[in-house]
Amino acid sequence: SDGSIRLHQMTSEYPLMQWNDSTNGQPIIALQWALTRPAVFFVLDASSNVYIWDLLENDLLPVAKQTVPSENVVTMALLGEPEKTNGLLGIALAKESGQIDIQYVKKKWALP
């Protein structure tokens, strides 16, 4: 609820990494690992911002932030086929009106 993210290992109750205030205090609505690249995850906050984290590029801050204009995004899901190496990775964003917006991610964050 405060925008903090914790990365845990299954064998420990203590986080390996913790990022406080990663969304400027906005609650996190959804977080999902990339289906095609293990070190990348996506975060959606309550202000309809999508953050891309690539832990191999920067483990302190997100590498990109995209604001979805005009309407509140209520959830997101990632689309991709992990067994294929074509680098296609998409984000489905569900808006408050019921509209679905699908965006493709740059290959640098999608390739295995």
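Structure data summary
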item: The range 53-105 - residue that is within 18 Å of Asn24 (Cβ to Cβ) and hydrophobic (A, V, I, L, M, F, W, C) and, of those, modelled with the lowest pLDDT; result: Val68
item: Strands (runs of 3 or more DSSP E) enclosed by the range 24-104 - at least 1 residues per element that are aliphatic (A, V, I, L, M) and surrounded by 13 or more Cβ atoms within 10 Å (Cβ to Cβ); result: 28-33, 40-45, 49-54, 64-67, 73-80, 89-95
item: Number of the condition not met by Trp19 [criteria: (1) open to solvent by 40 Å² or more (accessible area, probe 1.4 Å); (2) over 26 Å from Ile100 (Cα atoms)]; result: (1)
item: Close pairs (6 angstrom Cβ cut-off, 6 or more residues apart or separate chains): over 21 Å from Leu55 (Cβ atoms) in the range 99-112, open to solvent by 90 Å² or more (accessible area, probe 1.4 Å) and at pLDDT 90 or above anywhere; result: none
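Condition check ((1) among the hydroxyl-bearing types (Ser, Thr, Tyr); (2) farther than 23 Å from His8 by Cβ; (3) more than 11 Å from the chain's Cα centre (by Cα)) across all residues:
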residue: Ser47; (1), (2), (3): yes, yes, yes
residue: Ile52; (1), (2), (3): no, no, no
residue: Leu60; (1), (2), (3): no, no, yes
residue: Leu79; (1), (2), (3): no, yes, yes
residue: Thr85; (1), (2), (3): yes, yes, yes
residue: Lys95; (1), (2), (3): no, yes, yes
residue: Asp101; (1), (2), (3): no, yes, yes
residue: Lys107; (1), (2), (3): no, yes, yes
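The values are calculated or read from the model by the stated rules, or taken from the named source; none is laboratory data. From a predicted model like this one, the values you see are computed outputs, not experimental measurements. Ideal geometry is used to build each Cβ from the backbone, glycine not excepted, and the neighbour counts take in all protein chains shown. The area values use the complete protein model at the heavy-atom level, side chains included, leaving out ligands, DNA and RNA. Shrake-Rupley method; radii C 1.70, N 1.55, O 1.52, S 1.80 Å.
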